[in-house]
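Report on the following structure.
What follows is calculated from the coordinates using simple rules that are stated; it is not laboratory data. Note that the structure is predicted; figures quoted are calculated from it, not measured. With ideal geometry, Cβ positions are generated from the backbone for all residues, glycine too; neighbour counts draw on all protein chains shown.
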Amino acid sequence: MASGTLRLFAVASGTVLLAFFGCDGERGRYGTSGVASGQGGGFMPPPGPSGGPGPSSGSGGAASDDDVIPDPDAPCDANLDIDSNDPLDAAAAIGLCKKAENGLDWGLLDARWVLPDGSTFTDQALYDLGHGILEDFGALVPREGERFLALSSGTARAPDDPDWSSPIGFDKDYGTPSPAGFPKESPACPGVETGEARDGVALELRMKAPPDALGLGYDFDFYTFEWPLYVCSTFNDFFVALLDPPPAGQDDANISFDSVGNPVSVNNALLLVCGCQNGPPCDAPPTDPLISYECPGGTDSLSDTGFEGAAATGWLATRTPVSGDEVVSLRLVVYDSGDGLLDSTTIIDNLRWLGDDPGGSGTDPLQPK
C-alpha cells in the first residue's frame, strides 16, 4: 500500500468521508460511512479582500424584472429525452428555440458539444454522462418550459434517474486543457493554485441577437461536493460561461462571477444553500482561519439531488451586454480540478435576450418563483 495520510472528516450528520492523501498531496479513494441526513454540510461565502462576504454581484433584481424579448418558438422542450446527445436539444432545454434561418434572421445559428477549452472529445460514452436534460432536480423545477439542462463533472442525473452515480467519487478519468483565462484563482483564497482540469463538459452556442437586443441573460444553480472539505484548496470545480466576443472592459471572457471577482466554484460568495449540525453558522475546514457560512438558503433544495451534505448557490441570474444583430458564442462549461473526485453539477435554464442594458456583466441570487 502506498504511504501517505488517512484523514477522516465528518461532513454531515451520519456521514464520514475518508480521504487518502499520498505523499504528493493528491487525494486517493473516498468512501462513506452512514447516510447523510437532511442537514447539509454547512457553508457561507468566502470573505473577499475586505474580510466580509459579498453575496451579490450588484447587477440587481430578479429575472422577472428583465425586459425580455420573447422567443416566438418557445417553449420547445416538452418531449426531449434525458440522455439526448443532440446539442440542439440542449439549447432547447434552456429556452433557446428560435433558429436564425439562413443566418439572416436572429436566433440560434449552431450548437455543439466540446471540451472546456473548445476542443473536441474522444471518449463519447463517459463525456455524454456529463450532460442531461432533466424535468427536475430534487425540488428544483424549470424556470422556463418543462425541462432544463444539467452539466456535470460527474453524471448529470438525479439519484432516481438512469445512469446516476454518486458525486462523492465518480471519476471519468479524462483531462483537458482549461478554458482560456483559467485556472483563475479566487481572491478569497490567496496562495492557492488550482489543479489541472478534469472530467469537463461544455455546450457551445453560436447565436445572432435580435435587432433590438441590449443584453443576454440565463439562470443557473451550481451544486458542489467540494464543500466543505476543499474550500480554498487545489481541488476546485468550476462553472464557467465564456462569451465571444468578450464584454468590453473585462479581463477575460467569463461572465458569471461574484461581487469580488470569484469565478463560480466552491470558493465563491454565492454559495448560499447549505447547513450543518448545530448550525448555521457552519465552518468549512481545512481553511485557516476557518471560514464561517451563514447558509441563508437552508438545505431543502439539496434533498434528493445526491448533494445532501454538500452545498449549492440556489438559482442565480447572469446578465451581460450585447448589441443588436451581434453574432456571439457562449460556451457553458463545468469541470473538476486536480482530480476527478467529488463532483459538481450546474443546472441551466431560461436563456433570454434582454431589451434593457444590464450595464455590465453581473450575477445575482433570484427570488423564488
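Ranking Asp288, Asp171, Asp244 by Cβ neighbours within 10 Å, fewest first, what do you get?
Asp288, Asp244, Asp171
Show the residues, 5+ positions off or on another chain, whose built amide H is closer than 5 Å to the amide H of Leu140.
none
Positive end of the dipole of the stretch 96-235, charges at C-beta (+1 Lys, Arg; -1 Asp, Glu), about the Cα centre: which of Thr234, Ala180, Pro159 has its Cα farthest in that direction?
Ala180
How big is the Cα convex hull of the stretch 150-210 in projection, averaged over all directions, in nm²?
Across all orientations, the stretch 150-210 yields a mean hull projection of 7.3 nm².
I'd like to compare 98-111, 148-161, 204-217: which one has the highest average count of other Cβ atoms within 10 Å, and what's the full order after that?
Going from most to least packed, we get 148-161, 204-217, 98-111.
Using the Karplus curve 6.51 cos²θ - 1.76 cosθ + 1.60 with θ = phi - 60°, what ³J(HN,Hα) values do you get for each residue of the stretch 80-90, in whole Hz, with x for Gly and Pro?
After applying 6.51 cos²θ - 1.76 cosθ + 1.60, I find 7, 7, 4, 9, 4, 9, 7, x, 5, 5, 4 Hz.
Going by average Cβ density within 10 Å per residue, which order do the peptides 188-195, 347-354 take, highest to lowest?
Top to bottom by mean Cβ count within 10 Å: 347-354, 188-195.
Expected output is a single nm value to one decimal: the length gained when fully extending between Leu104 and Glu326, i.e. 0.36 nm times separation in residues minus the C-alpha distance. What is it?
Answer, rounded to one decimal: 78.8 nm.
Can you run the Rg to Rh ratio on the stretch 193-296? Use alpha carbon positions and the Kirkwood inverse-distance Rh.
That ratio is 1.03, to two decimals.
Using Cα centres only, tell me the gap between the stretch 145-189 and the stretch 292-360 in whole Å.
Using only Cα atoms to place each centre, the spacing works out to 12 Å.
Obtain the nm distance between the two label points defined at Asn85 and Asp251 by a simple spin-label model: each point lies 7 Å from its Cα along the Cα-to-C-beta direction.
That separation, rounded to one decimal, is 3.9 nm.
Using all C-alpha to C-alpha distances in the stretch 39-365, build P(r) with 20 Å bins and read off the rounded percent in each one.
All Cα pairs, binned at 20 Å, distribute as 36, 60, 5 percent.
Among 355-362, 331-338, how do they line up by average Cβ neighbours within 10 Å per residue, starting with the highest? Mind showing how you got there, number by number?
Numbers: 355-362: 17.9, 331-338: 26.8.
Highest mean packing first, the order is 331-338, 355-362.
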